[in-house]
1. Any residue in the range 104-131 that's open to solvent by 80 Å² or more (accessible area, probe 1.4 Å): show its pairings with residues that are of a type in the set (Ser, Thr, Tyr) and not in a helix (DSSP H, G or I) at Cβ separation under 8 Å, as long as the two are six or more apart or on different chains.
2. Tell me which residues, restricted to the range 619-648, are open to solvent by less than 70 Å² (accessible area, probe 1.4 Å), of a type outside the set (Ser, Thr, Tyr) and in contact with a Ser or Thr (Cβ under 8 Å, 6 or more places away or on another chain).
3. Which ones in the range 388-399 are open to solvent by 30 Å² or more (accessible area, probe 1.4 Å) and either closer than 12 Å to TRP102 by Cβ or in contact (Cβ under 8 Å) with a residue 24 or more places away in the chain (or both)?
4. Tell me, yes or no, whether the range 86-94 has at least one residue that is hydrophobic (A, V, I, L, M, F, W, C), open to solvent by 30 Å² or more (accessible area, probe 1.4 Å), modelled with pLDDT of 90 or more and assigned to a loop (DSSP other than H, G, I, E, B).
5. When you check ARG597 against the structure, is it open to solvent by 70 Å² or more (accessible area, probe 1.4 Å) and modelled with pLDDT of 90 or more, yes or no?
6. What pairs come up if the first residue lies in the range 440-455 and is at pLDDT 85 or above, the second is open to solvent by 80 Å² or more (accessible area, probe 1.4 Å) and of a type in the set (Lys, Arg), and their beta carbons are under 8 Å apart, counting only those six or more places apart or on different chains?
7. Can you go through ARG486, ARG503, ARG524, ARG519 and tell me which one is surrounded by 15 or more Cβ atoms within 10 Å (Cβ to Cβ), basic (Lys, Arg) and over 27 Å from THR109 (Cα atoms)?
8. Go through the range 278-291 and give me each residue that's outside any loop (DSSP other than H, G, I, E, B) and out of contact with any Leu (no Cβ under 9 Å at 6 or more places or on another chain).
Amino acid sequence: MGRNGTSSTGLHKHCEKCFNQHCKVPVEIFTSCEVISCRLHCGATFHLCKEDEHHLLCPKAMVPCLNAHYGCPMSMPRHRLAQHLEVCPASVVCCSLEWNRWPILETDTTFYRNAMQEPNCLDQLDLAMALRDQKLLFNSIKMDTLFPELTETITEPTIQEPFGAVGGIGSDGLEAGGLHIDETAGGLDGQEVQELTEEERLALAKSKDVACLENYTMWEGMFKKEMEGCRQTAKNLGDKSDQSKKKEGQSPSADKHAIQGPQDVQESNNVAPVDLSKTGFAPWQDGVLDRLRREVNVAEYNMYLVHNGCMLINFGQLAACTPKEKDFVYGNLEPIEVQTIHAFNVPKSFTAKRTHLKDPSHGAKKAHQNVDTSDLGVSVEELPKSDEVQTTLLCCLEKELKGHQICETVGTDGLYVDLGTQTYDFPSAPFKPDTTLADIAEHKSPNLSVQIQTECVTRRHNKSSSAFTYLCCHSFRRDEFPWHFRNVHADIQSCLTGWFIQRCPLAYLGCTYSQNHFRPSKHRATVSYDQDLGTFALQPKVAASLYKGIKTENSERKRARNLDSLSRLPFEILQHIAGFLDSMSICQLSQVSTLMREVCGTLLQQKGMVSLKWEKKTYSHGGSCWKARKKVWEFSSLFSPVDKWIFDDVPSMAEHLKVCPYYQTESRSEPVALASISEVTERPEQSHSLVSQFLNTGKGHGN
């Protein structure tokens, strides 16, 4: 209890245990307080000292959204939080539907070749979606992964050691002020270090193959500290030498005032320099561990090993593992001979099928011989070139379905390894290190290399690491996601082949005719595929007169006056009209003009969604972390929800077959014998013979 009669929770002694709405305990200063009602009129009654506690639970208290940390700026009463989560702009759901699409067969290229030559090939939904998936597939395939032998190798400039720039210490390295570093001298071995040019420095900075390049700053700081330590050590040695000289000068000796000769003066000047490499505590200095054992205690010695263990191993000061002769546990163990007892006798009828299980002396003699294209008798220039797209997809498909690449080196057991080599000759080889299959396909004629049919369920491969598996990956608000999955994936995408889109029955011969069977029941619209957004869209059928704007009479009018009839409306009316549009239409409308962008911006909290923009931050010491830099508002790709689809007014497919160029009829005037005609003529004769035989048998029994 506190000094004023309150508990540790800040409540009075009586109020802490009182829950009576009609409490009539007299109000006292230290034990109780008056009973009040909620100021927000939620209906709760409590003591005055519980008002702050009630504010944490009051259903009418204004609180921020539960997704406030994810970008939602709205505040509302507490009892509306659950209802708001259904339409919260920060409650974003990412569609994770997957489907597979395999490469086309070499014998089924007639249709795909004819389809790509059509001027309106992108108007066909299945074809447009297949082109989008092919683009994603080509961008994900790296040529250096499949064909490393055909990739260019970039020679990187040699890297100078970080401590190599420190000059060598000569006989004049010691001065009165400490250690003098000659930056123009050579490396540790006295050789001159060649300075890098500007082009070499840029190439070194952009290189990704440099080992431990990100730790260069940390190493440089360590070397600077060691440099300061060397200077301080040299200064201390200089002070000690001066003090010793003073003591020798003050001590009485017989030859105190002896005259030194020229030879003695020269010998005193040529004092042997101090080897600082054997006095410091840097991990690369010789004998550093011996000096640490003598000068520091055990705790500091162990701490030094913890912090500098890796560097001591790299510089050879410390062994990476304990040698056998110094290991007192396992050093004296001797190998034990393993004795195997064979209790199973191999039957004589058994014959080993593997060649390496037989006796090699009785096998056929083999000779190692290289087989090359030179055995064909054709020059290398005359050999046919391989197609990059088809060959790359074939290699990916081989690895996808069988788990390995073509002619991959595989170990059969612990002794034998199956070696395989497969070389290709591409017109565009050699490839650059970052070349993708999409970069090569850009220089070729447009062609479709994947099937238009999709699979959503398969057991032939692992979808998590598949190159032929595609993800939807579109983000929607929580209230929009059910309509997206129903209309896009369940209604359209799963029914493209044969139901939503009906193709000519002679498509296998090369006919590219197709027609859409369905349309929304409430309004007339056609389904199209947006290549930029990578999803399906509804395009309403509007009269052509509504697309026309106001014609200008004077070409010298100002641009602000040359507006269409919609832009002339007041801002409030435009905002009201845009409120009836779906998210995809609002997204397209915002790209029309600055005015329309401002109109659509007012609908972001109502129909938009917000997400955090994450960026990677790298610190000077080499560490990194991800931080949310800003909030991004956008509209989803959801079109108007379609509750029901109906058949569109399209002609029957029989009307197309009348004019289909691939439907060729063959009329015959001569009679042709059918296969079952002879059987029909033989049956009456067989039945007549059976009846006569039965009658004759009956007569015999009667006699």
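The values are calculated or read from the model by the stated rules, or taken from the named source; none is laboratory data. Model, not experiment: these values are computed from the prediction. Please note: Cβ atoms are built from the backbone with ideal geometry, for glycine as well, and neighbour counts cover all protein chains shown. Each accessible area value is taken on the protein alone, full model and side chains, heavy atoms only, with ligands, DNA and RNA left out. Shrake-Rupley method; radii C 1.70, N 1.55, O 1.52, S 1.80 Å.
1. That search, which allows pairs on different chains as well, returns LEU122/TYR529; ASP123/SER528.
2. GLY622, VAL632, PHE635, LEU638, PHE639, VAL642, TRP645, ILE646
3. Across the range 388-399, the qualifying residues are GLN390, LEU394, LEU397.
4. The answer is yes; a qualifying residue exists.
5. Against the criterion (open to solvent by 70 Å² or more (accessible area, probe 1.4 Å) and modelled with pLDDT of 90 or more), ARG597 qualifies.
6. The qualifying pairs are ASN447/ARG113.
7. ARG519
8. Of everything in the range 278-291, those that are outside any loop (DSSP other than H, G, I, E, B) and out of contact with any Leu (no Cβ under 9 Å at 6 or more places or on another chain) turn out to be LYS278, ASP290, ARG291.
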